[in-house]
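> One structure coming up, written as structure tokens, with questions to follow.
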Amino acid sequence: MDPRIVDLIRLLDLEPLEVNLFRGESRDIGSPQVFGGQVLGQALMAASRTVEGRIVHSLHAYFLRRGDFDAPIVYEVDRSRDGASFSNRRVVAIQHGEQIFNMTASFQVVEPGLEHQIPMPAVPPPESLADSSRVSPELLAKLPDRVRRLLETPRPFEFRSVQPIEAFGLGEGRGAATRASGVPTTRQIWFRAVSHVDADETLQRCLLAYVSDFYLLETATLPHGISSLSGKAMVASIDHAMWFHRPLRVDDWLLYAVESPSASGARGFARASVFSRDGRLVASTAQEGLVRVVER
């Protein structure tokens with residue numbers, strides 16, 4: 001496997017400290033705080049370590065404080081319930097003696113049932129699209145040092161956007177108070193791990209939780225022509241929810257179909273469907289976060 005994937009899997013492999021208590025390391029990916037997807041993936045792994053014979057089907061999480069990537073994070077799991085078919089777990093992430101994150105996750109015994117789903121959007125195949133993680137030197141030169149470091153840090157996933165990614169809101173913007181008429185509030189992005197991932201379904205879902213935090217909330221800034229990367233908007237996750245519908249593999253192309261139905265009250269809301277290459281709806285996700293315009 002690619003060293004970037006090996007390192008991410010090692011990051012999710014938490015150290016057991018005591019019954020229901022785990023410790024995780026952090027990675028500096030160029031952001032000013034611990035990446036939210038890392039905490040989400042580690043918390044899901046901590047909960048999964050306390051469940052046998054069941055697989056996660058949903059989670060609901062809140063980000064309470066910024067995480068410090070120079071210090072470990074302790075995850076405390078509460079075994080809320082173990083029923084005949086479902087198990088529920090509550091996870092609290094603690095750093096420097098304070099809660100920085102909490103999450104509730106539900107697990108279910110695998111069983112058959114009714115089947116239907118929405119269709120996958122008609123989009124170009126990923127092979128026909130450019131690698132969205134590669135930014136031209138001309139654009140990098142216009143960005144602040146912190147943003148340049150974020151974009152230049154190697155990632156364990158590759159992304160290919162169906163729509164051209166605008167120059168990170170470097171223009172004057174379209175007015176942050178009101179949605180610009182006719183400006184799309186949707187985007188579709190293909191993504192996959194940079195190499196083969198030899199992992200079971202539990203780890204596959206933890207890896208999907210990790211990568212689901214990329215590009216989601218930023219979609220709420222599209223109608224206004226601003227971006228946190230340009231320094232014109234302060235964007236921070238408040239909550240994150242996921243539903244896992246079908247088995248998945250993160251080392252095969254997945255389509256992230258994201259839309260932002262609303263932004264108001266200095267908050268943006270985005271939701272997304274995750275489709276496999278063959279059109280199966282494998283997961284859904286939603287997130288609300290702070291989207292505050294930064295006055296110059």
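The values are calculated or read from the model by the stated rules, or taken from the named source; none is laboratory data. Predicted, not measured: the structure shown is a model, and the values here were computed from it. Positions of Cβ are backbone-derived with ideal geometry, glycine not excepted, and every protein chain shown enters the neighbour counts.
> With the checklist (1) over 21 Å from His240 (Cβ atoms); (2) of a type outside the set (Phe, Trp, Tyr); (3) in a helix (DSSP H, G or I) in hand, flag the one item Cys206 doesn't pass.
With (1) over 21 Å from His240 (Cβ atoms); (2) of a type outside the set (Phe, Trp, Tyr); (3) in a helix (DSSP H, G or I) applied to Cys206, the lone miss is (1).
> Looking at (1) assigned to a loop (DSSP other than H, G, I, E, B); (2) surrounded by 14 or more Cβ atoms within 10 Å (Cβ to Cβ), which is the one condition that is false for His57?
(1)
> Any residue that is farther than 30 Å from Arg54 by Cα and either of a type in the set (Gly, Ala, Ser) or touching a Pro at 6+ places or on another chain (Cβ under 8 Å) (or both) - is there at least one of those in segment 234-253? Outline the logic, then answer.
Going residue by residue through segment 234-253, those that are farther than 30 Å from Arg54 by Cα are 234-236.
Among the residues that remain, those that are also either of a type in the set (Gly, Ala, Ser) or touching a Pro at 6+ places or on another chain (Cβ under 8 Å) (or both) are: 236.
Within segment 234-253 (the criterion being farther than 30 Å from Arg54 by Cα and either of a type in the set (Gly, Ala, Ser) or touching a Pro at 6+ places or on another chain (Cβ under 8 Å) (or both)), the answer is yes, since at least one residue qualifies.
> For Ala176, only one of the following conditions fails: (1) modelled with pLDDT of 85 or more; (2) part of a loop (DSSP other than H, G, I, E, B); (3) not aromatic (Phe, Trp, Tyr). What is its number?
Tallying (1) modelled with pLDDT of 85 or more; (2) part of a loop (DSSP other than H, G, I, E, B); (3) not aromatic (Phe, Trp, Tyr), Ala176 fails exactly one: (1).
> Say whether the condition of being touching a residue at least 12 places away in the same chain (Cβ under 8 Å) and of a type in the set (Asp, Glu) is met by at least one residue in segment 230-246.
Step one: list which residues in segment 230-246 are touching a residue at least 12 places away in the same chain (Cβ under 8 Å), which gives 230-246.
Pick out the ones that are also of a type in the set (Asp, Glu) and you get 239.
Yes: segment 230-246 contains one or more residues that are touching a residue at least 12 places away in the same chain (Cβ under 8 Å) and of a type in the set (Asp, Glu).
> Yes or no: Tyr256 closer than 19 Å to Leu8 by Cβ, under 15 Å from the mean Cα position of the chain (by Cα) and in a helix (DSSP H, G or I)?
It is false that Tyr256 is closer than 19 Å to Leu8 by Cβ, under 15 Å from the mean Cα position of the chain (by Cα) and in a helix (DSSP H, G or I).
> If you take the residues in segment 268-295 that are modelled with pLDDT of 95 or more and basic (Lys, Arg), which one is nearest to Phe63 (Cα to Cα)?
Taking the candidates together, the pick is Arg271.
> Okay, next question. Counting just the residues of segment 214-243 that are modelled with pLDDT of 95 or more and over 12 Å from Ala283 (Cβ atoms), which one comes out surrounded by the most Cβ atoms within 10 Å (Cβ to Cβ)? If you could, list the steps in order and put the result at the bottom.
Initial filter on segment 214-243 (modelled with pLDDT of 95 or more): 238-243.
When the remaining residues are screened for being over 12 Å from Ala283 (Cβ atoms), the result is 238-240.
Values: Ile238: 16, Asp239: 14, His240: 26.
By that ranking, first place goes to His240.
> Can you tell me which residue is surrounded by the most Cβ atoms within 10 Å (Cβ to Cβ) among those in segment 277-288 that are touching an Asp or Glu at 6+ places or on another chain (Cβ under 7 Å) and in a strand (DSSP E or B)? Can you show your working first?
Here is the first cut: in segment 277-288, the residues touching an Asp or Glu at 6+ places or on another chain (Cβ under 7 Å) are 277, 287-288.
Next cut, in a strand (DSSP E or B) only: 287-288.
Values: Gln287: 26, Glu288: 19.
Here the residue is Gln287.
> Considering only segment 244-261, state which residues are in contact with a Phe, Trp or Tyr (Cβ under 9 Å, 6 or more places away or on another chain) and surrounded by fewer than 15 Cβ atoms within 10 Å (Cβ to Cβ). If you could, list the steps in order and put the result at the bottom.
Residues of segment 244-261 that are in contact with a Phe, Trp or Tyr (Cβ under 9 Å, 6 or more places away or on another chain), as a first pass: 250, 253-258, 260-261.
Across segment 244-261, the qualifying residue is only Pro261.
> Does segment 1-58 hold any residues that are over 16 Å from Asp213 (Cβ atoms) and among the β-branched types (Val, Ile, Thr), and which are they?
Result: Ile5, Val6, Ile9, Val19, Thr50, Val51, Ile55, Val56.
> So, in segment 60-70, of the ones that are surrounded by 17 or more Cβ atoms within 10 Å (Cβ to Cβ) and over 13 Å from the mean Cα position of the chain (by Cα), which residue ends up farthest from Glu288 (Cα to Cα)?
Within segment 60-70, the first condition is being surrounded by 17 or more Cβ atoms within 10 Å (Cβ to Cβ), and the residues that meet it are 61, 63, 67, 69.
Now drop any that are not over 13 Å from the mean Cα position of the chain (by Cα), which leaves 67, 69.
On the way: Gly67: 18, Phe69: 23 Å.
Looking at residues that are surrounded by 17 or more Cβ atoms within 10 Å (Cβ to Cβ) and over 13 Å from the mean Cα position of the chain (by Cα), I get Phe69.
> Does segment 90-104 hold any residues that are buried (at least 19 other Cβ atoms within 10 Å of the Cβ) and within 20 Å of the chain's Cα centre (by Cα), and which are they? It would help to see each step written out before you state the result.
Restricting attention to segment 90-104, the residues satisfying the condition of being buried (at least 19 other Cβ atoms within 10 Å of the Cβ) are 91, 93, 95, 100-101, 103.
Val91, Ala93, Ile100, Phe101, Met103 - these are the residues of segment 90-104 that are buried (at least 19 other Cβ atoms within 10 Å of the Cβ) and within 20 Å of the chain's Cα centre (by Cα).
> Within segment 1-51, which residues are crowded, with 16+ Cβ neighbours inside 10 Å, at pLDDT 95 or above, out of contact with any helix residue (DSSP H, G or I) (no Cβ under 7 Å at 6 or more places or on another chain) and assigned to a loop (DSSP other than H, G, I, E, B)?
If the condition is that a residue be crowded, with 16+ Cβ neighbours inside 10 Å, at pLDDT 95 or above, out of contact with any helix residue (DSSP H, G or I) (no Cβ under 7 Å at 6 or more places or on another chain) and assigned to a loop (DSSP other than H, G, I, E, B), then Asn20, Arg49, Thr50, Val51 are the ones that fit.
> Quickly run through segment 209-245 and pick out the residues that are closer than 27 Å to Arg10 by Cβ and part of a loop (DSSP other than H, G, I, E, B).
Answer for segment 209-245, where residues must be closer than 27 Å to Arg10 by Cβ and part of a loop (DSSP other than H, G, I, E, B): Ser212, Asp213, Phe214, Tyr215, Leu216.
> Being assigned to a strand (DSSP E or B) and in contact (Cβ under 8 Å) with a residue 24 or more places away in the chain is the requirement here; does Asn102 meet it?
Values: assigned to a strand (DSSP E or B): yes; in contact (Cβ under 8 Å) with a residue 24 or more places away in the chain: yes.
Answer is yes for this residue.
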